[in-house]
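Asker: Pasting a structure here, questions to come.
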Amino acid sequence: MKRNSIIKALALVIGMITYANSFAQCDTIASLCDNHITSEFISDGQDYRALLLDDEIAEFNMTLYGGSVYRFAACSGLADGNLIFSVYDQERNLLFTNKEYSNAPYWDFKITNTIDCIIEANLDPNNLASGCAVLLVGFKQ
């Protein structure tokens, strides 16, 4: 009985360390990604994060308001260009993907009409097999 308790405690400690390390990794990536939200943009206050493995896709839903300019910054890993992000309308029509622009780490969007959209993020299979995906959104006043 004592051996099972030790194994359970060890598994719990390892799980907590792994969990803490993944959050630390995401914090580092978010800090690096924040460099793309320059002073002309105001953060929306959210860090959209997901831990992705292999070909997993993270999905984020948001409303973009007409008459605004938004900047999306998408990062994974310590170098730019590892994360592919795509913006879809509610009917899943593709509006933009950074894949067509060498996985640009950020892009500005001028929104004329308010739109509910879906942002999908996935790792570039040529660069990373797993990692933390971070999407930051800023807007101009």
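Asker: Scanning the stretch 107-141 for residues that are in contact with a Phe, Trp or Tyr (Cβ under 9 Å, 6 or more places away or on another chain) and free of Cβ contacts under 8 Å to residues at least 40 places away in the same chain, which turns out surrounded by the most Cβ atoms within 10 Å (Cβ to Cβ)?
Answerer: TRP107
Asker: Next question, about the same structure. Kindly establish whether ASP116 is at pLDDT 95 or above, among the acidic types (Asp, Glu), under 17 Å from HIS36 (Cα atoms) and over 11 Å from the mean Cα position of the chain (by Cα). Write out each step before concluding.
Answerer: On the way: at pLDDT 95 or above: yes; among the acidic types (Asp, Glu): yes; under 17 Å from HIS36 (Cα atoms): no; over 11 Å from the mean Cα position of the chain (by Cα): yes.
So ASP116 fails the test.
Asker: Of the conditions (1) touching a strand residue (DSSP E or B) at 6+ places or on another chain (Cβ under 9 Å); (2) acidic (Asp, Glu); (3) free of Cβ contacts under 8 Å to residues at least 12 places away in the same chain, GLU40 satisfies every one except a single condition; which number is it?
Answerer: Every listed condition holds for GLU40 apart from (3).
Asker: On the given criteria, is ARG71 touching a strand residue (DSSP E or B) at 6+ places or on another chain (Cβ under 8 Å) and at positive phi?
Answerer: No: the conditions fail for ARG71.
The values are calculated or read from the model by the stated rules, or taken from the named source; none is laboratory data. Everything quoted here is computed from the prediction, not taken from an experiment. Here the Cβ is made from the backbone with ideal geometry for all residues, glycine too, and neighbour counts use every protein chain on show.
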